[in-house]
Amino acid sequence: MKEKHYIGVDIGGTATKIGLTNHAHELLDHRSIPTDPDRGPAALIDDIASAVTRMASNTPAAIGVGCPGPLSPSRGIVFSSPNLNGWENIPLQELMQTRIGVPACIENDANVAALGQYAALPLEEKSDLVLLTLGTGIGSGTIINGQIFHGHHETGSEWGHCIVQPNGRACPCGQHGCLEQYSSATAMTIIAREEIEKGGDTSLTSGATAEMIVNAARDKDPIASSVLNSACLYLAIAIINIQHAINPKYVFLGGGVSGAGEFLLEGVVEHVRAQRWSAHDDHPIIRLAPLANTAGIVGAATLAQQHAGA
Ligand SMILES: [Zn+2]
């Protein structure tokens with residue numbers, strides 16, 4: 001009997017990644033195609049179908065798709081997405097199944113990335129985890145008992161919008177003081193620019209990217225150090241709240257800002273140590289996410305495998 005293969009698709013605003021895995025979640029092949037969302041979903045699904053035909057020598061058993069939300073995994077519909085201009089109430093699951101001819105499932109992109117990180121852990125280390133992806137915003141996914149946690153409205157685990165500062169910075173979501181307004185790459189560049197415009201002591205210019213801020217912080221630039229320290233502090237507050245809400249074994253940090261690597265991790269861990277409770281030794285292990293660019297496709301393929309009951 002031929003080994004079963006699974007397809008994982010990670011739709012992003014610019015590029016769509018497609019991967020082929022086996023039952024052990026090993027990535028056998030992967031490629032990237034332009035998303036070009038303005039063409040509409042049908043054209044993208046055609047391109048995905050062509051890529052699947054080229055990658056898989058036999059028909060895959062199932063296909064899983066990670067997509068920016070909001071969306072409903074249970075109904076298979078993408079409601080709308082700021083990253084996929086013009087996509088409104090798209091029955092993505094049905095469109096995929098019809099075009100590719102295998103069972104399909106859809107899921108929020110951050111959730112499949114979290115499942116991908118879980119799949120990458122050695123068997124003896126697999127346990128409940130939360131992934132925070134630090135990029136333009138802060139995405140997050142929670143894995144409990146090997147499954148994505150959704151909650152009643154299927155919008156659970158939005159840790160980027162947990163409030164870490166009462167009456168804090170305005171967030172496009174309508175709240176004030178959300179984590180992503182302090183610790184995302186975008187937030188760091190905005191806060192740095194505000195400090196530079198106040199005339200503080202720095203080598204940074206007002207167009208500094210998050211990467212430039214991190215590099216300057218390594219060189220002990222005062223504004224860069226302050227911005228990064230504040231991002232780490234707010235992440236630490238969120239992680240302590242995650243500890244009390246979920247009590248995961250791991251909190252993984254992924255996404256663009258996590259390119260700051262150990263330097264970022266040390267800052268976060270230091271603030272967590274300084275503020276966490278002493279009532280019980282139930283603190284999560286905080287690590288950089290083991291998979292960098294392939295978490296989405298591995299997670300989507302893992303989800304497809306779970307739905308196929310394999
Ligand atoms: Zn928010």
I'd like to verify a number: residues in the range 259-302 that are under 15 Å from the mean Cα position of the chain (by Cα) and within 30 Å of M96 (Cβ to Cβ), how many? 12
Just the residues that are in a strand (DSSP E or B) and more than 19 Å from the chain's Cα centre (by Cα), please, taken from the range 8-29. L20, T21, L28, D29
Take A187 and tell me if it is within 16 Å of the ligand (Cβ to nearest atom), touching a strand residue (DSSP E or B) at 6+ places or on another chain (Cβ under 8 Å), at pLDDT 95 or above and of a type in the set (G, A, S). no
Just the residues that are among the β-branched types (V, I, T) and assigned to a loop (DSSP other than H, G, I, E, B), please, taken from the range 244-282. I246
If we keep only residues of the range 188-212 that are touching a Ser or Thr at 6+ places or on another chain (Cβ under 7 Å) and closer than 14 Å to V257 by Cα, then the residue surrounded by the fewest Cβ atoms within 10 Å (Cβ to Cβ) is T209
Would you mention how many residues in the range 39-84 are buried (at least 20 other Cβ atoms within 10 Å of the Cβ) and of a type in the set (S, T, N, Q)? 1
Residues of the range 297-310 being small (G, A, S) and modelled with pLDDT of 95 or more, in sequence order, are G299, A300, A301, A304
Failed item in (1) assigned to a loop (DSSP other than H, G, I, E, B); (2) within 15 Å of the ligand (Cβ to nearest atom), with N241 passing the rest: (1)
Does A192 satisfy the criteria of being among the hydrophobic types (A, V, I, L, M, F, W, C) and away from the ligand (no atom under 16 Å from the Cβ)? yes
I'd like the full set of residues that are farther than 21 Å from V65 by Cα and assigned to a helix (DSSP H, G or I), limited to the range 110-139. L123, E124, E125
What are the residues in the range 155-182 that are more than 9 Å from the ligand (Cβ to nearest atom) and either assigned to a loop (DSSP other than H, G, I, E, B) or within 14 Å of the chain's Cα centre (by Cα) (or both), if any? T155, G156, S157, W159, V164, Q165, P166, N167, G168, R169
Any residue at all in the range 91-106 that is in a loop (DSSP other than H, G, I, E, B) and in contact with a Lys or Arg (Cβ under 9 Å, 6 or more places away or on another chain)? yes
When you look at G199, is it at positive phi, out of contact with any strand residue (DSSP E or B) (no Cβ under 6 Å at 6 or more places or on another chain), within 16 Å of the ligand (Cβ to nearest atom) and part of a loop (DSSP other than H, G, I, E, B), yes or no? no
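Here is a yes/no grid of residues against (1) out of contact with any helix residue (DSSP H, G or I) (no Cβ under 9 Å at 6 or more places or on another chain); (2) among the aliphatic types (A, V, I, L, M):
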| site | (1), (2) |
| --- | --- |
| G8 | no, no |
| G12 | no, no |
| A15 | yes, yes |
| H25 | no, no |
| A51 | yes, yes |
| S72 | yes, no |
| L92 | no, yes |
| L115 | no, yes |
Set G156, G151, G139: member being crowded, with 19+ Cβ neighbours inside 10 Å and either in contact with a strand residue (DSSP E or B) (Cβ under 7 Å, 6 or more places away or on another chain) or not aliphatic (A, V, I, L, M) (or both): G139
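The values are calculated or read from the model by the stated rules, or taken from the named source; none is laboratory data. This is a predicted model, so every value here is computed, not measured. For neighbour counting, all protein chains shown are included, and Cβ atoms are generated from backbone atoms with ideal geometry for every residue, glycine included.
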